[in-house]
Amino acid sequence: MALALSAGRREIGPAPLSHQHVVSKSLALSPGKIVGLEGPAGWGLTRLGLSLLAGPSQVGTVVVVDVRGWFSPMAAWEEGVMAHRLVVVRCVERRVWAQVTAAVLEGVAAVYAEVPSGVGESELRRLAALTRARKAGLALRPLRGQLPAGITHLRVRGTGVVWEGPDHGHGRLGARRLSIELAGKSIPLQEIEIDDQQSTSGVWRLASGV
């Protein structure tokens, strides 16, 4: 799959090989930092979150905490995550989610964790403190609702999605355009669109300021 970075309608770079390369520096999963990804299922936020593991997987082990039980490692491999450094941990019991996620933060480069409904704010704040102490990157994807204020270094919120291709309820899906809003402790509010073109051209584009 090829990717491209664009501002408005003007392409400003060559198409690299993984989604990781279109993610701006503000979206990088840095040691000791937490990125929250909020929005409905099916919008592409899981895929975006997995792409954040690609960089850390170049230097160490990365973990996906799967709470629904159907995560496929191929989804991460397609985003550039090194196959031999990916560990998938199944955790379908909400009551032990915080302990399991805290345990896997030890000695890894980064973690992408789905957050089940019902996890308490105090549990998330303890996890945030542990993330900072252990210098691991953590991406949190709540399955419902939002994360409490002050938990994340960067909040990624899906604001809309447009599917292109099918006309009148049928046809081939050509692209998915995801609109996201970035807000964080060290960056101003940004609005970004990501194009997931699933036609034979296989091009992704990210445009800011839209």
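Within segment 174-190, is even one residue loosely packed, with under 12 Cβ neighbours inside 10 Å and at pLDDT 75 or above?
Yes, segment 174-190 has at least one match.
Restrict the check to segment 144-151 and report whether at least one residue is at pLDDT 75 or above, in contact with a strand residue (DSSP E or B) (Cβ under 6 Å, 6 or more places away or on another chain) and exposed (fewer than 15 other Cβ atoms within 10 Å of the Cβ).
The answer is yes, given that some residue of segment 144-151 is at pLDDT 75 or above, in contact with a strand residue (DSSP E or B) (Cβ under 6 Å, 6 or more places away or on another chain) and exposed (fewer than 15 other Cβ atoms within 10 Å of the Cβ).
Would you pick out the residues in segment 59-68 that are out of contact with any Lys or Arg (no Cβ under 8 Å at 6 or more places or on another chain) and surrounded by fewer than 16 Cβ atoms within 10 Å (Cβ to Cβ)?
Val59, Arg68
Please pick out the residue among Ala128, Ala139, Ala103, Ala110 that is closer than 29 Å to Met82 by Cα and free of Cβ contacts under 8 Å to residues at least 60 places away in the same chain.
Ala103
Looking at segment 1-55, which of the residues that are more than 18 Å from Pro73 (Cα to Cα), of a type in the set (D, E, K, R) and modelled with pLDDT of 50 or more is surrounded by the most Cβ atoms within 10 Å (Cβ to Cβ)?
Lys33
Which count do you get for residues in segment 92-108 that are in contact with a strand residue (DSSP E or B) (Cβ under 8 Å, 6 or more places away or on another chain) and among the charged types (D, E, K, R)?
0
Just to be sure, is Ala139 modelled with pLDDT of 75 or more, in contact with a Pro (Cβ under 6 Å, 6 or more places away or on another chain) and hydrophobic (A, V, I, L, M, F, W, C)? Steps first, please.
Working: modelled with pLDDT of 75 or more: yes; in contact with a Pro (Cβ under 6 Å, 6 or more places away or on another chain): no; hydrophobic (A, V, I, L, M, F, W, C): yes.
So Ala139 does not fit the description; no.
Do we find a residue being β-branched (Val, Ile, Thr), surrounded by 13 or more Cβ atoms within 10 Å (Cβ to Cβ) and modelled with pLDDT under 95 anywhere in segment 162-172?
First pass over segment 162-172, keeping only residues β-branched (Val, Ile, Thr): 162.
Restricting the remaining residues to those that are surrounded by 13 or more Cβ atoms within 10 Å (Cβ to Cβ) gives none.
No, segment 162-172 contains no residue that is β-branched (Val, Ile, Thr), surrounded by 13 or more Cβ atoms within 10 Å (Cβ to Cβ) and modelled with pLDDT under 95.
Please go through segment 69-95 and pick out each residue that is surrounded by 14 or more Cβ atoms within 10 Å (Cβ to Cβ) and in a loop (DSSP other than H, G, I, E, B).
Phe71, Glu78, Glu79, Gly80, Val81, Met82, Cys91
Every residue in segment 27-60 that is outside any loop (DSSP other than H, G, I, E, B) and of a type in the set (A, V, I, L, M, F, W, C), please.
Answer for segment 27-60, where residues must be outside any loop (DSSP other than H, G, I, E, B) and of a type in the set (A, V, I, L, M, F, W, C): Leu27, Ile34, Val35, Leu37, Leu45, Leu48, Leu50.
Can you tell me which condition Thr131 does not meet? The list is (1) on the phi > 0 side of the Ramachandran plot; (2) of a type outside the set (A, V, I, L, M); (3) buried (at least 16 other Cβ atoms within 10 Å of the Cβ), and all the others hold.
Among (1) on the phi > 0 side of the Ramachandran plot; (2) of a type outside the set (A, V, I, L, M); (3) buried (at least 16 other Cβ atoms within 10 Å of the Cβ), the lone unmet condition for Thr131 is (1).
Conditions first: (1) in contact with a Leu (Cβ under 6 Å, 6 or more places away or on another chain); (2) of a type outside the set (A, V, I, L, M, F, W, C); (3) within 21 Å of Gly39 (Cα to Cα). Pro142 passes all but one, so which condition is the exception?
(1)
Yes/no matrix, rows are residues, columns are (1) of a type in the set (S, T, N, Q); (2) over 24 Å from Gly42 (Cα atoms):
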| site | (1), (2) |
| --- | --- |
| Gly118 | no, no |
| Ala129 | no, yes |
| Ala133 | no, yes |
| Leu138 | no, no |
| Thr152 | yes, no |
| Val162 | no, no |
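The values are calculated or read from the model by the stated rules, or taken from the named source; none is laboratory data. Model, not experiment: these values are computed from the prediction. As a convention, Cβ positions derive from the backbone with ideal geometry for all residues, glycine included, and neighbour counts pool all protein chains shown.
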